[in-house]
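Below is one structure, written out as structure tokens; comments come after it.
The values are calculated or read from the model by the stated rules, or taken from the named source; none is laboratory data. What you see is a predicted model; the values in this text were computed from it and never measured. Neighbour counts are summed over all protein chains in view; Cβ atoms, including those assigned to glycine, are modelled from backbone coordinates with ideal geometry. These accessible areas exclude ligands, DNA and RNA; they are computed on the full protein's heavy atoms, side chains included. Shrake-Rupley method; radii C 1.70, N 1.55, O 1.52, S 1.80 Å.
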Amino acid sequence: MILLFIFGISLIQFGLYYLNSKYGKKVPDFLILLIFINCYFLVIPRFFYPEPRTDGINCGMPVLGITLGFWIFGTIAGTATHLIWKLIKYKSTKAQQRV
């Protein structure tokens, strides 16, 4: 579930790169990457935390696993999306320069 969510966020990130490129350079691509990395670290994991139990015995291991999963896989996915976008953009500009 978490990996599918991260994949969806990567598609949104890729779409933002495309829209930013299509409508002009309003926002640097690196800033988009930093925003998504900050979301992976600070915002998104909290939506997946399990509800606390009413008996007062709550284990922190699921919270730790969810947080580390988003930190590790989210950072890899965000950086990979950024690098793939830069590679596609580089190849397209290089192809346009040949013509």
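Phe36 is checked against (1) more than 14 Å from Leu3 (Cα to Cα); (2) open to solvent by 80 Å² or more (accessible area, probe 1.4 Å); (3) in a helix (DSSP H, G or I) and fails just one. What number does that condition carry?
Looking at each condition in turn, Phe36 falls short on (2).
Could you say whether any residue in the stretch 46-58 is without any contact (Cβ under 8 Å) to a residue 40 or more places away in the chain and surrounded by 14 or more Cβ atoms within 10 Å (Cβ to Cβ)?
Checked the stretch 46-58: no residue is without any contact (Cβ under 8 Å) to a residue 40 or more places away in the chain and surrounded by 14 or more Cβ atoms within 10 Å (Cβ to Cβ).
Please specify each residue of the stretch 62-99 satisfying the condition of being in contact with a Phe, Trp or Tyr (Cβ under 9 Å, 6 or more places away or on another chain) and exposed (fewer than 13 other Cβ atoms within 10 Å of the Cβ).
Pro62
Quick one: is Val27 under 23 Å from Trp71 (Cβ atoms) and either loosely packed, with under 13 Cβ neighbours inside 10 Å or of a type in the set (A, V, I, L, M, F, W, C) (or both)?
Criteria not met by Val27.
Just the residues that are of a type in the set (Phe, Trp, Tyr), assigned to a helix (DSSP H, G or I) and within 18 Å of Leu4 (Cβ to Cβ), please, taken from the stretch 39-68.
Of everything in the stretch 39-68, those that are of a type in the set (Phe, Trp, Tyr), assigned to a helix (DSSP H, G or I) and within 18 Å of Leu4 (Cβ to Cβ) turn out to be Tyr40, Phe47, Phe48.
If we keep just the residues of the stretch 6-17 that are open to solvent by 40 Å² or more (accessible area, probe 1.4 Å) and in contact (Cβ under 8 Å) with a residue 40 or more places away in the chain, which is farthest from Thr75 (Cα to Cα)?
Once the filter is applied, the top-ranked residue is Phe14.
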